[in-house]
Amino acid sequence: MNMGELYIISAPSGAGKTSLVKQLVADIENLIVSVSHTTRFIRPGEVNGQDYFFVTPEQFNGLINCGELLEHAAVFGNYYGTAKHTVEENLQKGLDVILEIDWQGAQQIRTIRPQSRSIFILPPSTAILEQRLKNRGQDEDRVIALRMQEAVTEISHHGEFDYILVNDDFNRALTDLKSIIIANRLTRKRQTHNLKNLITALLSS
């Protein structure tokens, strides 16, 4: 069985990353999103274990001290991290795994898994990004201003990623994401394994 591919998808808050990834995994088989741990409060409509594993700061520090996190970072005063064993188990099963993480986590993953593929999603403009943040209705104006400041930092790291796309139109951005996943599944390395019997039969005919 082929090992699954590990994908990093990053974007500034409000760029539409979560919505795109949710539809991406719904449309493509054997592609899953790793559920992160976080110390932030659960928001209305979120489900523990589905959107995030919501833990206390003490529990999060315990995961770090035990070496159970593949990566972790502080974002807007809260901590986020990815459980190592869950990712490894799914990759061993041949599943492709998406990590929705920021540039800090992406840097950590590249260090330990340089073969991972990374994708950065840009908003079409600063004005549209700010409007999307306001439309979410999740944050006060003060927090939105902080998110806009952090967006500049996040976007400044775009050059560290393998692929860059713009979410100016949801369907077009989704098609771009699908193209990346499908193209990587058609590489010689993966297809030589997947099509082993066919190739053997063609060569022996």
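The values are calculated or read from the model by the stated rules, or taken from the named source; none is laboratory data. These numbers come from a predicted model, not from an experiment. Quick reminder, even Gly has a Cβ in these numbers, built from the backbone with ideal geometry, and neighbours come from all protein chains shown.
Could you tell me whether Ile119 is under 12 Å from Ser10 (Cβ atoms), part of a helix (DSSP H, G or I) and either modelled with pLDDT of 95 or more or of a type outside the set (A, V, I, L, M) (or both)?
In short, no.
If you check Ser19, Ser36, which single one turns out to be within 24 Å of Arg172 (Cβ to Cβ) and small (Gly, Ala, Ser)? Break it down stepwise before answering.
Working: Ser36 fails: within 24 Å of Arg172 (Cβ to Cβ).
Just one listed residue meets the conditions, Ser19.
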Looking for something in contact with a helix residue (DSSP H, G or I) (Cβ under 8 Å, 6 or more places away or on another chain) and basic (Lys, Arg) - is there at least one such residue anywhere in segment 92-99? no
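Mind checking which residues of segment 126-164 are assigned to a helix (DSSP H, G or I) and of a type in the set (Ser, Thr, Tyr)? Can you show your working first?
Residues of segment 126-164 that are assigned to a helix (DSSP H, G or I), as a first pass: 126-136, 141-155, 158-160.
Thr126, Thr153, listed by residue number.
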Inside segment 31-51, the number of residues satisfying the requirement of being polar (S, T, N, Q) and surrounded by 15 or more Cβ atoms within 10 Å (Cβ to Cβ) is 4
Would it be correct to say that Gly67 is over 30 Å from Asp169 (Cα atoms), in a helix (DSSP H, G or I), free of Cβ contacts under 8 Å to residues at least 24 places away in the same chain and of a type in the set (Gly, Ala, Ser)? no
Scan segment 4-55 for residues that are within 19 Å of Trp103 (Cβ to Cβ), among the polar types (S, T, N, Q) and in a helix (DSSP H, G or I) and jot them down. Thr18
Candidates Ile164, Ile182, Ile155, filtered to the one that is surrounded by 15 or more Cβ atoms within 10 Å (Cβ to Cβ) and either of a type in the set (Asp, Glu) or within 20 Å of Glu100 (Cα to Cα) (or both): Ile155
Please determine, by comparing only the residues of segment 141-160 that are acidic (Asp, Glu) and under 17 Å from the mean Cα position of the chain (by Cα), which one is nearest to Ala73 (Cα to Cα). Glu154
Among the residues of segment 52-107, count how many are exposed (fewer than 12 other Cβ atoms within 10 Å of the Cβ), under 25 Å from Asn30 (Cα atoms) and either at pLDDT 95 or above or among the polar types (S, T, N, Q) (or both). 1
Mind checking whether some residue in segment 75-88 is under 16 Å from Ser34 (Cα atoms), in contact (Cβ under 8 Å) with a residue 24 or more places away in the chain and of a type in the set (Asp, Glu)? no
